[in-house]
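> Before anything else, here's the structure in question.
The numbers here are math on the coordinates, done by the rules we state, and not lab data. Because the structure is predicted, anything quoted here is derived from the model rather than measured.
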Amino acid sequence: MNNLALVLDSQGKYVEAESMLRQTLATSEKVLGVDHPDTLTTMNSLALVLDSQGKYVEAESMLRQTLATTEKVLGVDHLETLTTMSNLAGVLDSQGKYAESESMHRQTLATREKVLGVDHPSTLTSVYCLAYLLAEQHYYAESVDLYKRAYARYSSILGEDHPTTRACLEHYSALLASREHSLPSTEQAICAESGASGKISKLSRALRKLGNRNSKFS
C-alpha cells in the first residue's frame, strides 16, 4: 500500500495518497510499533505527501519525529536516517528556514560521501540540493561550484540526455546567466537543445527528493 500511495502522489493524487498513508501508518504503529522500520518508512512517505500539498508544518513535525527515532534506533549514519534528514532539509527550505536547511544538507552530504561515495545518486542529490539552497541565499560562488560538480557527475553516470542531468544543467545555466557568466560552448549547446529557459525555476519537489524515497533498511 505504501508503494501505491507513492504512485498516487507522483500522479498528483495527493488527497488519496495521504488518506492511504495515514491508514497504513495507523496499522503499522498498532501491529509493528512506532519504532519499527516499516513504520518509519511510512512516516517519511506521508511527510513527503504533506509537503506536496504545502502542509509544511505537519510535514516538518513528522520528519523531526522520524529523524529522532531513526537516529536512536538505526544510528546517525544509517541510510534511512540520511534520507529523513534530507527530506527534512527540503521541507525547511520550502519554508525559508535556510540556515537550518543548509546545516542539514551539509551534514547529509558529508555523511553520504563517506558512506556511499562521491558518485552515488543520493550523494549527487545532496550536492544538487545544497547548490540550489546556496543560490537562494545568494552564495553564488559555492553554488556554481556545486552545480558544476553535480552536472559533470550526472553527465558521466546518467548521461547528458537524462532528465535529471538536463534539469541540473538548466539550473546551472540560469544561475550563471543571472551572474552574467556563460557556460562552455558544449554545455551551451546541450542547454539550448533541452529548451532551457534561462530562468531559475523552483527546484521541483521530485528532483529535490531524488534518491531519497526508496531507501532500504539494511
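> What is the Cα convex hull volume of the stretch 117-181 when expressed per residue in Å³? Could you put the intermediate results ahead of the total?
Details: hull volume 4.6 nm³, N = 65.
That works out to 71 Å³ per residue.
> Please turn the phi angles of the stretch 139-154 into ³J(HN,Hα) values with the Karplus equation 6.51 cos²θ - 1.76 cosθ + 1.60 (θ = phi - 60°), one per residue in order, whole Hz, x for glycine and proline.
Result, rounded to whole Hz: 8, 6, 4, 5, 4, 4, 4, 6, 4, 4, 4, 4, 5, 4, 6, 4.
> Using the Karplus curve 6.51 cos²θ - 1.76 cosθ + 1.60 with θ = phi - 60°, what ³J(HN,Hα) values do you get for each residue of the stretch 13-28, in whole Hz, with x for Gly and Pro?
Each residue's phi maps through the Karplus curve to give 8, 5, 4, 5, 5, 4, 4, 5, 6, 5, 5, 5, 5, 4, 5, 5 Hz.
> I've got another one for you. Pop out the ³J(HN,Hα) list for the stretch 4-12 in order, Karplus 6.51 cos²θ - 1.76 cosθ + 1.60 with θ = phi - 60°, rounded to Hz; leave Gly and Pro as x.
Whole-Hz 3J(HN,Hα) from phi for the stretch 4-12: 4, 4, 5, 5, 4, 4, 5, 8, x.
> Now for a separate question. Pull up all non-local amide H partners of D35: gap of 5 or more, or a different chain, and H-to-H distance under 5 Å with H placed in the peptide plane.
Result for D35 returns nothing.
> Distance from the Cα centre of the stretch 27-69 to that of the stretch 80-96, in angstrom?
Spelled out, the Cα-based centre of one part sits 12 Å from the other.
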